Amino acid sequence: MTAETLEGRRPSAARTRVLVTAARLFYREGVHTVGIDRIIAEAEVAKATFYKHFPSKDDLVRAYVTAESSRQRAAVATVDTGSSREKLMAIFAFMCEFGAGPTYRGCPFVNTAAEYPDPDHPVRQAIAEHRRWTRDLYRDLLADDGHPDAERTADILLLLRDGLVVGFDLDDPATTRAAVQEALARVLAA
């Protein structure tokens with residue numbers, strides 16, 4: 001995770017350390033199992049410094065979700081392929097590759113959403129914003145490729161993505177990868 005601008009300012013080194021530490025721990029162990037005191041200790045910041053940047057743990061979790069969304073958006077922006085269809089296929093191929101890796105612990109958005117069941121909670125709102133962005137990305141790529149029903153197909157691809165991020169934790173990665181490739185080919189052929 002890189003330092004991101006916040007309200008036009010570069011965040012402090014302490015804020016960045018807290019966010020990087022929290023992201024690592026939240027992704028590896030879950031949001032509710034990791035306490036503030038542990039994050040403060042591992043980030044090597046004072047408690048007052050922590051609370052200056054994050055008045056509550058929920059503020060930190062929301063910042064984690066927002067930073068992860070920014071990181072994923074930046075990663076997608078670097079995908080340089082010949083066509084929109086190829087970019088869409090490359091995005092899913094990357095997810096398959098990452099999901100098969102030894103550090104994969106599921107989708108940070110799905111994992112965090114499971115710990116925040118209230119859809120009106122600010123953390124869930126940040127997750128919903130990322131999902132809207134993802135769905136809109138799929139829709140825009142499909143439309144640019146000339147797909148006849150980009151809106152509905154974007155919904156299908158979002159569900160495929162959801163199944164993919166869960167499937168890698170539960171099933172053989174090679175089997176999941178093959179199923180994703182087949183499903184993507186069928187959806188794109190419509």
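The values are calculated or read from the model by the stated rules, or taken from the named source; none is laboratory data. Given the structure is predicted, the values throughout are model-derived calculations rather than measurements. In case anyone asks, the SASA skips ligands and DNA or RNA and just uses the protein heavy atoms, side chains included. Shrake-Rupley method; radii C 1.70, N 1.55, O 1.52, S 1.80 Å.
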* To do: Over the chain, give the accessible area per residue in Å² for a 1.4 Å probe, as an integer.
  => 54
* Compute the whole-percent fraction of alpha carbon pairs in region 124-171 spaced more than 12 Å apart. => 64
* To do: Output ³J(HN,Hα) for region 17-28: one whole-Hz value per residue in order, computed from phi by the Karplus curve 6.51 cos²θ - 1.76 cosθ + 1.60 with θ = phi - 60°, and x for Gly and Pro.
  => 4, 4, 5, 5, 4, 4, 4, 4, 6, 4, 5, 6
* Asked: For region 90-131, what is the per residue volume of the convex hull drawn over the alpha-carbon atoms, in cubic angstrom?
  -> 67
* Asked: Accessible surface of Arg71 in the full protein assembly, 1.4 angstrom probe, to the nearest 10 Å²?
  -> 110
